[in-house]
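The values are calculated or read from the model by the stated rules, or taken from the named source; none is laboratory data. Since this is a predicted model, take the numbers as computed values, not measurements. Here the Cβ is made from the backbone with ideal geometry for all residues, glycine too, and neighbour counts use every protein chain on show. Side chains are part of the model used for accessible areas, which takes the heavy atoms of the whole protein and leaves out ligands, DNA and RNA. Shrake-Rupley method; radii C 1.70, N 1.55, O 1.52, S 1.80 Å.
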Amino acid sequence: MIRKLLLAIICTCTGFTIAQQLNIKVYNSISKKSALASLECEKISFIDTLSLSNKGEFKFNFNEVKSHRGFYRLSLINNKWIDFIYDIEDVNLETDAKNILDSLKVIVSESNRIYYSFVKLNKDYKTKTELLQLVLARYPKEDSYYQSTKEKLIQIQEDYLYFVNVTSQVNPNSFIARYVASAQLPVVEIDIPFNEQLTYLKTHALDNVNFDDDDLIYSDAFTDKTIEYLTYYRNPQLPLPLLEKEFMTAVDSILSKAKVNLIVYEHIVEYLIDGFKKYGFDNVINYIVENYVIKDDLCIDETPGTAIEKRIQQGRNFKIGNKVPDVILPDSTGSLVELSKINSDKILIVFYASWCPHCKNVLPKINEVFKDQKEKKFEVIAISLDTIRTDWLNFIRSNDMDWINVSDLKGWDGKVPLDYFIFGTPTMFLINKSDEVIGRPKSVEELEKMVM
């Protein structure tokens, strides 16, 4: 007894820790090797390649690398994988490669027992409550079936909350306890009318999410809650401009809460930008970049030269008051034009291309504003991103663009569009005679207010 006590004291004093082991047995596996990776939101970071033992097991010592708490993935062939949680404990799982999730058994790891129970509970809870809510919304209240349905829904909600608030919280400081607390589905109070539940969700669905817990970036908690919350604002019947405004409102709600922790904040901003980019919501991306990335000087992981990276750099480098790079380009006769030598109180720099559908609509309207000047208040230097000279010149002639027209016919790869981080057309900058930005009009209407 004394020897055990002395050994415990020595281990504590020397910082000795027992290595946590991963042991996943996969029956009927045709994979002789697997890739172990950690998950960070939707990013996958490779850790090691594991070989299948004679006993059909994949093994790993978590102390061989600096392992953090959170979600990990063991990837097999044929696009199959096993997700699990490392919570500073041994992880021992068994499953069948033919049906990984349904056959999975947790032999050792209380955190993974809770996790897989939570995944199943969420699926069941969502299915059952949605069906019962529909019944309650349409069934006569005076009928006995209505009351029994209501009681069933109350019981389901109580069982769900007991798991979230009690069963999963035996060790409240564990990763799994914190994960469940933030990843739980919103429970709508039973007496809230069906037609008011969406408003309730928009107001309260994020109440339980701990945005200050940056350990949770090593899970799907923040990404799943973000997707879930955005669905409350998705209305396919709305025209695109109104739908984008709805999503902007949702973004404001999410990011206002995420700001409590810079690490979480930056991760969610990256996730939002990437998601809206996939679905072509450019105005929402611009809104996030201008109101969050640039305003708060966030460090976003974007590949240099991509459209998003250019948006960010353009916003940072072309703020009101910043001096713009000089433009030295040939006009339609081949003579060089220098922006710094144009003598005008205001100059509109507009980037466009003859093949751009939006430009075909916007450039003639800008030309109308330009020609309607009773006294010349601004000059225009129109920089074409065309690569074919005849296309450029025909566009100038057909639209009677009697202003300064320049182009090196190098398209997006020319020095000037690169200097200005141009990622789309048309793009406008309004500058003063000192070549300082005084406006970034997004439309002809905005331009008119700035120059008239």
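Structure data summary
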{"item": "Point-to-point label distance, I263-T306, nm (Cα→Cβ direction, 7 Å offset)", "result": "2.2"}
{"item": "Per-selection Kirkwood Rh - region 316-366 (Cα, Å, 1 d.p.)", "result": "13.4"}
{"item": "Distance (nanometres) between label positions extended 7 Å along Cα→Cβ at S256 and N173", "result": "3.4"}
{"item": "J(HN,Hα) series, region 437-449, from Karplus relation 6.51 cos²θ - 1.76 cosθ + 1.60, nearest Hz, glycine and proline x", "result": "5, 10, x, 10, x, 9, 8, 5, 4, 5, 4, 4, 5"}
{"item": "Value of relative contact order over the chain, rounded to a whole percent, pairs C-alpha under 8 Å and six or more apart", "result": "10"}
{"item": "Proximal lysines relative to K141, as straight alpha-carbon distance under 27 Å, when same-chain residues fewer than 8 apart are discounted", "result": "K126, K128, K150, K152, K202"}
{"item": "Beta bridges per DSSP with both ends in the chain, % antiparallel, nearest 5", "result": "70"}
{"item": "The chain, accessible surface, carbon-and-sulfur percent (1.4 angstrom probe)", "result": "52"}
{"item": "Aspartates and glutamates with Cα under 13 Å of K55, excluding same-chain neighbours fewer than 8 positions away", "result": "E94"}
{"item": "Value of Rg to Rh for region 261-310 (Rh from inverse mean 1/r over Cα pairs, i.e. Kirkwood)", "result": "0.93"}
{"item": "Rounded, prolate or oblate (a/c below 1.5 giving rounded, otherwise prolate when a/b exceeds b/c) for region 302-452 by Cα gyration tensor", "result": "rounded"}
{"item": "Share of alpha-carbon pairs per 5 Å distance bin for region 213-316, given as whole %", "result": "2, 12, 24, 25, 19, 12, 4, 0"}
{"item": "Accessible solvent surface per residue of region 85-217, calculated while the other protein chains remain in place, 1.4 angstrom probe, Å²", "result": "55"}
{"item": "Loop-resident sites, region 325-399, for GluC sites (Glu not before Pro), counting at most 12 other Cβ within 10 Å (DSSP)", "result": "E375"}
{"item": "Kirkwood-based shape ratio for region 185-268, expressed as Rg/Rh from alpha carbons", "result": "1.00"}
{"item": "Computed label-point distance, nm, for sites K377 and E246 using a 7 Å Cα→Cβ extension", "result": "3.8"}
{"item": "Cβ-Cβ FRET estimate between D400 and E446, R0 fixed at 22 Å, reported to 0.05", "result": "0.45"}
{"item": "Cleavage-rule hits, GluC sites (Glu not before Pro), region 115-152, DSSP coil, Cβ neighbours within 10 Å at most 11", "result": "E142"}
{"item": "Hydrodynamic radius of the chain per Kirkwood, over alpha carbon pairs, in Å", "result": "26.9"}
{"item": "Reachable lysines from K410, criterion Cα separation under 19 angstrom, eight or more residues apart if same chain", "result": "K310"}
{"item": "Gap separating the Cα centres of region 113-151 and region 63-95, nearest whole Å", "result": "33"}
{"item": "Full-stretch length increase - N79, N361 - with 0.36 nm per residue and alpha-carbon distance subtracted", "result": "96.9 nm"}
{"item": "Kirkwood Rh (inverse of mean 1/r, distinct Cα pairs), region 135-191, angstrom", "result": "13.0"}
{"item": "Of K323/K374; K257/K365; K43/K245, those spanning more than 31 Å from alpha-carbon to alpha-carbon", "result": "K257/K365"}
{"item": "Region 99-197 - Rg (one decimal) and Dmax (whole number), Cα, Å", "result": "16.1, 50"}
